[in-house]
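Reading through the structure tokens given below for one structure.
All of the numbers you see were taken from the coordinates with simple rules; none came from a lab. The structure displayed is predicted, hence computed values, not measured ones. Please note: Cβ atoms are built from the backbone with ideal geometry, for glycine as well, and neighbour counts cover all protein chains shown.
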Amino acid sequence: MAGKKYRRNYKSKKQTISRSTRAELQFPVSRVDRFLRQAHYGQRLSSSTPVFLAGVLEYLTAKILDLAGQEAHSNRRMRITPEHVEKVLEKNGQLCRIFEENSKSPDAEKPNKSKK
């Protein structure tokens, strides 16, 4: 019995599952949440907001990379270059509006009418 090993029953800790994994996202929800809290939006937004925003960012990134991959393939290239991404953003009207440098919020376009 000298060589007998005694095993202790340790309760295995339940592994935490990240919010990105729960939502089946590749983008880190915790970083989006940290950004929103640092920008002082934390009190005004619900707990599902970072998950939704990470999903939107992942969708936009996947869409842009997919279109850029098609552009690279049409130019007989194996790799996506910044030029391919730029062409995609110029060709696609919706994506072009998102990434405009002079994009304004809808509130900024309304003239300010003050009563005298």
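Results, tabulated for the structure shown:
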{"item": "Note, ³J(HN,Hα) from phi for the stretch 16-24, Karplus 6.51, -1.76, 1.60, rounded to Hz, x at Gly and Pro", "result": "7, 10, 5, 5, 5, 5, 4, 8, 6"}
{"item": "Separation of the ARG97 and THR81 label points, Cα + 7 Å toward Cβ, nm", "result": "3.1"}
